[in-house]
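What follows is a single structure, written as structure tokens, with notes after it.
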4 protein chains.
Amino acid sequence: MDYTEILESIYSEIQQYAKFGKQADYIPALAKVNPDQFGICIHTVHGEISEYGQADVPFSIQSISKVFALAVALSIQGDRLWKRVGKEPSGTAFNSLVQLEVEHGKPRNPFINAGAIVVADILLSCLLEPEKEFIAFVRTLCNNDNINYNEEVAQSERENGYLNAAIANLLKYHRNVEGDIERVLHFYFLMCSIEMSCHDLSRAFLAFANHRQVFDYAGIRLTSSQIKRINAIMQTCGFYDEAGEFSFLVGLPGKSGVGGGISAIYPLRYSVTVWSPRLNSKGNSVMGIKALELLTTKTNESIF
Amino acid sequence: MDYTEILESIYSEIQQYAKFGKQADYIPALAKVNPDQFGICIHTVHGEISEYGQADVPFSIQSISKVFALAVALSIQGDRLWKRVGKEPSGTAFNSLVQLEVEHGKPRNPFINAGAIVVADILLSCLLEPEKEFIAFVRTLCNNDNINYNEEVAQSERENGYLNAAIANLLKYHRNVEGDIERVLHFYFLMCSIEMSCHDLSRAFLAFANHRQVFDYAGIRLTSSQIKRINAIMQTCGFYDEAGEFSFLVGLPGKSGVGGGISAIYPLRYSVTVWSPRLNSKGNSVMGIKALELLTTKTNESIF
Amino acid sequence: MDYTEILESIYSEIQQYAKFGKQADYIPALAKVNPDQFGICIHTVHGEISEYGQADVPFSIQSISKVFALAVALSIQGDRLWKRVGKEPSGTAFNSLVQLEVEHGKPRNPFINAGAIVVADILLSCLLEPEKEFIAFVRTLCNNDNINYNEEVAQSERENGYLNAAIANLLKYHRNVEGDIERVLHFYFLMCSIEMSCHDLSRAFLAFANHRQVFDYAGIRLTSSQIKRINAIMQTCGFYDEAGEFSFLVGLPGKSGVGGGISAIYPLRYSVTVWSPRLNSKGNSVMGIKALELLTTKTNESIF
Amino acid sequence: MDYTEILESIYSEIQQYAKFGKQADYIPALAKVNPDQFGICIHTVHGEISEYGQADVPFSIQSISKVFALAVALSIQGDRLWKRVGKEPSGTAFNSLVQLEVEHGKPRNPFINAGAIVVADILLSCLLEPEKEFIAFVRTLCNNDNINYNEEVAQSERENGYLNAAIANLLKYHRNVEGDIERVLHFYFLMCSIEMSCHDLSRAFLAFANHRQVFDYAGIRLTSSQIKRINAIMQTCGFYDEAGEFSFLVGLPGKSGVGGGISAIYPLRYSVTVWSPRLNSKGNSVMGIKALELLTTKTNESIF
């Protein structure tokens, strides 16, 4: 199927939402982004690429990085990982401390902040050169050696990251963080600070869509079964407390970030990434969700 | 694909779990069921049927009925339905009052008890002869006119249903139940009391799997898009607070009941129902989940 | 000390708050009360009586009845009572189901609705003629044989009492209510429906203030130590989630009701009841709290 | 009244509980204390002193320091203080993050850790030399210039204080901590680390018992009304989630600490401090509570 025309018509249809929502502004680096941008890119498992708009403009991937971090942790630890982090949807806002306290420091899933901080702690414990190995993995995944952390963004996040620091301290209290808290938080924020374009992310997520192909990138290996399970977690937990709504409207596993990006996959067909900075009240890109909803409606393709 | 041999080998592999778990015993009718039964049945969209074990023994479908009730409510109300009930996973046990109180009487989704009680209230308000029309719908869906409510079970549930009565009163307090509480609870318990076999349920769920075919049963009509959305909700909310685990292990949308049944679908391929009364601590059939996990592993087919 | 002049000056000082707040209107009987009434009455342990305003107008005592019910239950059960109900402040609104669910059906204290429903259940189990014996106790306490239940109010409460019915069902689910739910709720609402004047209540509470005198009314006997413990619970739990504020401002143990009454005691000195129907957002009488705050300030007498 | 004989007989009666409970051991300095110690001291408003056991052995006052910190903050800020911290009992364990998150960073009262951290932040903002001025106040209160912080204990607390660090970060996130988090935590832990004997504490709390006398210590001034309000908060919030139980059993306002100390007052009569390191499951001294319960029972004196 050729998606180019579809992307074009989607873009025209969602113009009516162009001014809805508000970009993240809790750190200067995100606040200063021009909110009126939009890009989308599809990679099919057959090697076709379709894109529209600012598909080559790098943006802060933020929580989308949690998928990459989970992939590395699962590759290293296998099912032992699930002793320290769950796989159930959280049912509450992405940064809730309540659940963490009630459940004695075991985060609901690896895509809420608490879970991703535990994953960061695991990578720090298991990798010799965590920063270097992680970025090497991401670069190989998307076949682009220019991908990098944005140290300034990471630093800025840390300076305003009181809630994440509260979470990390609570995890440490419950002995679910081994490393030094500042070290763990720095690595966590560094992973979030990676900048990639729709094109880069779409290429990277192709490895999750195409789970029948060998997954081995910069030494990180996953079985087909492990990939499918990461996809299952994206389906149930990828959109904070809007996971059900996204599943209902779009019907694809995916992961969003407060930078305005959303990456989603149609297993064995394609991966897609859309980006637009304005967010709805749940922290997900307004135009991004609309675009993906139209994509599955127009193509009549969803996993359901 | 011929599933008969696969079902046979699944049965032999899960024998090791035959004595795990404990059947529901909060009412006599469920407590007296022989727990050492197992049945499974698959209907493909091409009309093939494969089954194994006690696939023709009727059992209490319990919460699986919530899918049928949702189908009727969505058919009648369309998207207005979502004003009274959400579509997000609950993240807590299936009967939690906490969330309902905090969220002012709007249940998280139609598959937790609170949501299903609201759906029951809607059917009572909108249908002329609710009991008669509902059972006619289910009979038509599974093409078996012998399907019926079990009044004794319904009565027995009501007598022990203090928690559901608490929920119904709380919903009424928040003005999300219109009808008389006893009337609503009776209809709710009646729907749960329906008895069907794996064969019947598998046939009934075929209509959800095969969403490209016209859905019109006893006057209840759904669009392809509505069916897919019901499937999406089954994926994220069908297994109480084990939805993520089921999605992770099995990778199919489905719905379980405390009678020990689980119905699941592989969109555009097949529908499957498995039944075995012993439940795990989350209220889902032990052998049922194992069987479905093996089914998607052995066939290498899941939606992810 | 002669309190007459003090009461007069208090009345004049609180006129500025005369139109603040809103009377309870969830049932017709409360909604139709003239909100612009105010009465206050003090009984000292030496037998002096001072009063001002509509101190002889009967009003619905509502939750103030919980003190009388606790006295009866404690008299009958002694310390066994505390196995079924706690003595800690609830820290949340008076009708919260959350705490009850989290704490498996043991209410925090006998002055929240859940606790009072358990107390009602105990009285029904232990008394031969509960309605008759309870009203006899209250009549003897206040030395007024004209005191009675208001059946119409009780009936009206039940018809709108979905939240209390939810609580009763949840208690029953946790096996902390033995009797029939409708029977328990009826008796609970009946106790709340009693009508007494400031004069009556002040006289009745004198028995709690004067704990060195024998407590034996219509066969209900309490030791001095038991009376003091009831007073301690009034101090920490008597004002829903405003207990700390009342303790801070007034410094006396007391109990309020949504009818606008507040009864408080200064141990070994006096008991006081104030009534004015307009309530603040926490459900306590606006002018009642102001009057008691001024009383302890002007007399420079509080338990602290 | 001469309390000497009473103290002696109390000591003999509580011997049966001598081995109940377990001392705090989360930091080495507390873990190494000999748990089999007991001391008690009473100062009356008439200048009499009665004591028994190790009444002169200094111990870590821990949370008892929260009363002194509140006194200083109230002296400086007056009623503005209550904009940043409440006066209601918390109804949950002393370190609960749940309530803090739900209530947007305003701690329930100044005696839970969150509230005391806010108070520490206030003192740091308002005092020129906080450490020096605070210890001067405490020394003057108890008339003992040898009282001091234990820097080693404070340091040790900080190293293990992940939960308090989580709380401080959450408060900062909600903008209810102004200062640098490490600075605030250090001062908080320093105040907790002060070492005083029963004699010292009893003397210090006399100023709260004797509220008709001028309160002016090292420049910290409180009105009689302010003292009474501190006493009221001790009554409702002084014993974590056992405040109701203590009020019920003992009937005096007081404050406990995990070092095993409890200070309580009988307004206009006496102040008492008891110390014994073994704690019950709520973090309050087992023998301390028993001793105070016997004291009010034997003397037949309580505020109720």
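At a glance:
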item: Which numbered condition residue A:206 fails, given (1) facing chain B (nearest Cβ under 9 Å); (2) touching a His at 6+ places or on another chain (Cβ under 9 Å); (3) open to solvent by 10 Å² or more (accessible area, probe 1.4 Å); result: (1)
item: Leading residue by the ranking (farthest from residue B:146 (Cα to Cα)) among those in segment B:64-86 that are in contact with a helix residue (DSSP H, G or I) (Cβ under 7 Å, 6 or more places away or on another chain) and among the polar types (S, T, N, Q); result: B:77
item: Answer residue from segment D:106-142, given it is touching a helix residue (DSSP H, G or I) at 6+ places or on another chain (Cβ under 9 Å) and small (Gly, Ala, Ser) and is surrounded by the fewest Cβ atoms within 10 Å (Cβ to Cβ) among those; result: D:116
item: Subset of segment B:226-247 (residues that are among the acidic types (Asp, Glu) and either facing chain A (nearest Cβ under 7 Å) or in contact with a strand residue (DSSP E or B) (Cβ under 8 Å, 6 or more places away or on another chain) (or both)); result: B:241, B:245
item: Top-ranked residue in segment C:155-199 [being of a type in the set (Phe, Trp, Tyr) and closer than 23 Å to residue B:98 by Cβ; ranked as most open to solvent (accessible area, probe 1.4 Å)]; result: C:173
item: Criterion (farther than 22 Å from residue B:285 by Cα, within 14 Å of another protein chain (Cβ to nearest Cβ) and either surrounded by fewer than 21 Cβ atoms within 10 Å (Cβ to Cβ) or touching a Pro at 6+ places or on another chain (Cβ under 8 Å) (or both)) met by exactly one of B:103, B:48; result: B:103
item: Segment D:290-304, subset within 12 Å of chain C (Cβ to nearest Cβ) and within 22 Å of residue C:88 (Cβ to Cβ), residue surrounded by the fewest Cβ atoms within 10 Å (Cβ to Cβ); result: D:297
item: Exclusive hit being basic (Lys, Arg) and over 26 Å from residue A:78 (Cβ atoms), set A:229, A:269; result: A:269
item: Candidate set: segment D:82-100, residues that are over 16 Å from the mean Cα position of the chain (by Cα) and more than 12 Å from chain C (Cβ to nearest Cβ); chosen: the one most open to solvent (accessible area, probe 1.4 Å); result: D:83
item: Test: residue in segment C:272-285 that is modelled with pLDDT of 95 or more and over 28 Å from residue C:29 (Cβ atoms); result: no
item: Set B:52, B:11, B:26: member being more than 26 Å from residue A:233 (Cβ to Cβ) and at pLDDT below 95; result: B:26
item: Where residue D:175 falls short, out of the listed (1) outside any helix (DSSP H, G or I); (2) in the same structural domain as residue D:288 (by TED's automatic domain parsing); (3) modelled with pLDDT of 95 or more; result: (2)
item: Any chance residue D:223 is touching a strand residue (DSSP E or B) at 6+ places or on another chain (Cβ under 8 Å), open to solvent by less than 10 Å² (accessible area, probe 1.4 Å), more than 8 Å from chain C (Cβ to nearest Cβ) and farther than 24 Å from residue C:209 by Cβ; result: no
item: Residue match in segment A:117-139 (condition: within 14 Å of chain D (Cβ to nearest Cβ), closer than 26 Å to residue D:165 by Cα and part of a helix (DSSP H, G or I)); result: yes
item: Given (1) among the hydrophobic types (A, V, I, L, M, F, W, C); (2) outside the structural domain of residue A:29 (by TED's automatic domain parsing); (3) under 18 Å from the mean Cα position of the chain (by Cα), number of the condition residue A:76 does not satisfy; result: (3)
item: Condition met for residue A:249 (at positive phi and of a type in the set (A, V, I, L, M, F, W, C)); result: no
item: Of the criteria (1) more than 10 Å from chain A (Cβ to nearest Cβ); (2) open to solvent by less than 20 Å² (accessible area, probe 1.4 Å); (3) within 14 Å of the chain's Cα centre (by Cα), which one residue B:287 fails; result: (3)
item: Residue among D:279, D:268 that alone is out of contact with any Phe, Trp or Tyr (no Cβ under 9 Å at 6 or more places or on another chain), more than 14 Å from every other protein chain (Cβ to nearest Cβ) and among the aliphatic types (A, V, I, L, M); result: D:279
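The values are calculated or read from the model by the stated rules, or taken from the named source; none is laboratory data. Predicted, not measured: the structure shown is a model, and the values here were computed from it. Backbone-built Cβ (ideal geometry, glycine too); neighbour counts: all protein chains shown. We work out accessible area using only protein heavy atoms, side chains counted, and drop any ligands, DNA or RNA first. Shrake-Rupley method; radii C 1.70, N 1.55, O 1.52, S 1.80 Å.
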